[in-house]
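**Q** Structure provided below as structure tokens; questions to follow.
The values are calculated or read from the model by the stated rules, or taken from the named source; none is laboratory data. Note that the structure is a prediction, hence the values are computed from the model and not measured. Every residue, glycine as well, gets a Cβ built from its backbone with ideal geometry; the counts of neighbours run over all protein chains shown.
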Amino acid sequence: MGRVAKILASGAAALAATIGISACGSQGISVAKTSPYYEGATIFLDHCSGCHTLSVVGAEGSATSVQNRLRTNAPNFNARVESVQNVLYAIENGGFSGQVMPENIVVGQQAQAVAHFLAHYAGRDAPVAPNLPQASSQ
């Protein structure tokens, strides 16, 4: 095989791998385009889905077990409830616990859109805490 053929074959293999990787977790956004959360969903998919998991946008970035966890695996928002304030804090400060999340990955209106989207959709698969009986005060 000639040098040009090897280069073309390597390029084709790299392109196929890129397409295959980009297709992972790409089930698509299941938020209606008319929803007030759609903009946040698209921004989350574009900027956050590589590290975070959230089924409503088809994102599968979080680790599923400790054995295969990477530093870039971030919280699974299917199981983690979030507030607008917490999301904005994490965006501005690069997360909460020293993760490798870049600070200000989105800013301004985009950060607001992501924060409102996550506050609405995050935690839908979170386990419900059992109700504990209230201690009576005597």
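**Q** Tell me yes or no: at least one residue of segment 4-25 is of a type outside the set (Ser, Thr, Tyr), in a loop (DSSP other than H, G, I, E, B) and either modelled with pLDDT under 70 or touching a strand residue (DSSP E or B) at 6+ places or on another chain (Cβ under 6 Å) (or both).
**A** Yes, segment 4-25 contains a residue that is of a type outside the set (Ser, Thr, Tyr), in a loop (DSSP other than H, G, I, E, B) and either modelled with pLDDT under 70 or touching a strand residue (DSSP E or B) at 6+ places or on another chain (Cβ under 6 Å) (or both).
**Q** Could you check how many residues of segment 52-70 are part of a loop (DSSP other than H, G, I, E, B), among the polar types (S, T, N, Q) and modelled with pLDDT of 65 or more?
**A** Number satisfying all stated conditions: 1.
**Q** Can we say Ile91 is part of a loop (DSSP other than H, G, I, E, B), surrounded by 13 or more Cβ atoms within 10 Å (Cβ to Cβ) and at pLDDT 85 or above?
**A** In short, no.
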